[in-house]
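Data block below; observations after.
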Amino acid sequence: MSVFLDQCYEHMNKGEVIVAYKGTIGADIITNTLSLVELKLEDIDVQNAVKKKLYNILVESLQNLYHHVDVPLNNGKSDDCKSNFGIFILSKLDDAFRISTGNFIHHDRIPVIKGKIDKINSLSEEELKEFYKFVLNNQKFSEKGGGGLGLIDMARKSGNKLDYKFFKYSDDFEFFNLTVVINAPSNLN
Amino acid sequence: MELINIEGTPKTPTITMNAESGVIDIKGRSIPENSIEFYKPIVDWLEEYAKTPASKTVVNVQLEYFNTSSSKCILDVFKKLEVLKKNNNDVIINWYYEEDDEDMLEAGEDYESIIKVPFKMIQIVD
């Protein structure tokens with residue numbers, strides 16, 4: 001792995017890692033990760049409702065990654081350029097879980113992604129609900145099968161703002177890192 | 001009409017559709033990467049069913065998880081039921097949610113506010 005990706009990974013890596021992955025993102029990896037996480041969550045002492053929320057948001061994060069990693073990066077610069085490359089890290093903080101995903105995107109797409117997340121982050125809980133319903137009812141599926149609802153859903157279910165960062169990789173490409181935190185108050189016994 | 005009986009998988013729900021009884025059950029998880037493909041036969045079946053529906057159509061939705069890709073398809077299913085209702089047929093959607101699952105209840109309420117079909121929110125108690 002290149003120094004560049006090591007740096008991205010280090011930035012993404014916080015807390016105690018439950019599952020971390022870097023490599024090709026495919027449907028099988030997602031399926032396997034989800035069952036692994038489900039198994040691991042059985043041993044973690046948090047409320048069932050939090051586990052459900054976490055699982056739901058993890059599904060969206062991974063599928064979001066799956067639908068958007070296929071940027072052709074064949075500019076021959078290094079091994080990083082393999083298409084379908086992605087990173088995800090699920091970790092446990094003191095009183096929260098943290099899901100961080102990362103993938104390469106073309107420079108031109110940054111304004112759209114940034115605009116979308118900034119808009120989501122500017123909305124109140126009630127506005128987010130209305131926005132979700134609007135997109136659900138009015139927007140067609142994209143070619144990739146994404147419904148444009150993933151990010152809204154992640155913000156809505158987590159109740160937290162979406163955190164993002166772009167790392168410049170080349171003139172054309174950047175590494176896009178998205179992080180969402182799910183609050184998990186310790187179980188009161 | 002043909003009976004639909006789809007067995008559930010870790011990513012897709014169990015679905016049974018009976019044109020004679022008018023009972024439709026959707027149960028389990030719906031988190032496939034491409035849900036359009038999965039839901040197409042269901043939407044097609046409903047379109048056919050709407051031509052000669054049972055006197056009462058009861059739709060039981062009991063999902064543990066569903067992703068946003070499925071949420072669009074579920075809306076498509078409900079839109080078919082809305083047409084049925086509009087044509088003066090008796091239709092009800094029973095939306096089940098687990099006691100502590102506020103997100104699932106809220107998801108049901110979202111649909112209820114979009115779709116003009118009576119919903120009944122039913123809490124599952126262990």
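Numbers below:
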| quantity | calculated |
| --- | --- |
| Neighbour-count order for A:Ile87, B:Ile92, fewest beta carbons within 10 angstrom listed first | B:Ile92, A:Ile87 |
| For region A:3-183: relative contact order, % (alpha-carbon pairs under 8 angstrom, 6 or more apart) | 26 percent |
| Förster radius 25 Å - calculated FRET efficiency between B:Asp44 and B:Asn94 (Cβ-Cβ, nearest 0.05) | 0.65 |
| Excluding exposed DSSP-loop GluC sites (Glu not before Pro) (at most 12 other C-beta within 10 Å), longest clean stretch of chain B | B:21-98 |
| Computed lengthening from A:Val3 to A:Asn32, 0.36 nm per intervening residue step minus Cα-Cα distance | 7.7 nm |
| For B:102-109, mean number of other protein chain Cβ atoms within 10 Å | 3 |
| B:Glu102 versus A:Val19: modelled label distance in nm, points set 7 Å from Cα along the beta carbon direction | 2.6 nm |
| Charge dipole of the protein assembly as shown about the Cα centre (unit charges at C-beta), most positive-ward option of A:Ile25, A:Asn137, B:Ile6 | A:Asn137 |
| Hydrodynamic radius of region A:3-183 per Kirkwood, over alpha carbon pairs, in Å | 16.9 Å |
| Shape box of region B:4-124 [Cα atoms, principal axes, largest first, Å] | 36, 26, 22 |
| Straight-distance crosslink candidates among aspartates and glutamates, where the alpha carbon sits under 20 Å from A:Lys92 and sequence neighbours closer than 8 are dropped | A:Glu10, A:Glu16, A:Glu38, A:Glu42, A:Asp43, A:Asp45, A:Glu60, A:Asp163 |
| Size of the protein assembly as shown as Cα extents on the principal axes (Å, biggest first) | 67, 51, 36 |
| Structure-based [θ]222 nm, the protein assembly as shown - -39500 (n - 2.57) summed over DSSP H runs of at least 4, per residue, nearest 500 | -13500 deg cm²/dmol |
| Bridge type composition, chain B - antiparallel percent by DSSP, nearest 5 | 30 percent |
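Here, each number is a calculation from the coordinates, and none is a lab measurement. All values derive from a computational prediction rather than experimental measurement. Positions of Cβ are backbone-derived with ideal geometry, glycine not excepted, and every protein chain shown enters the neighbour counts.
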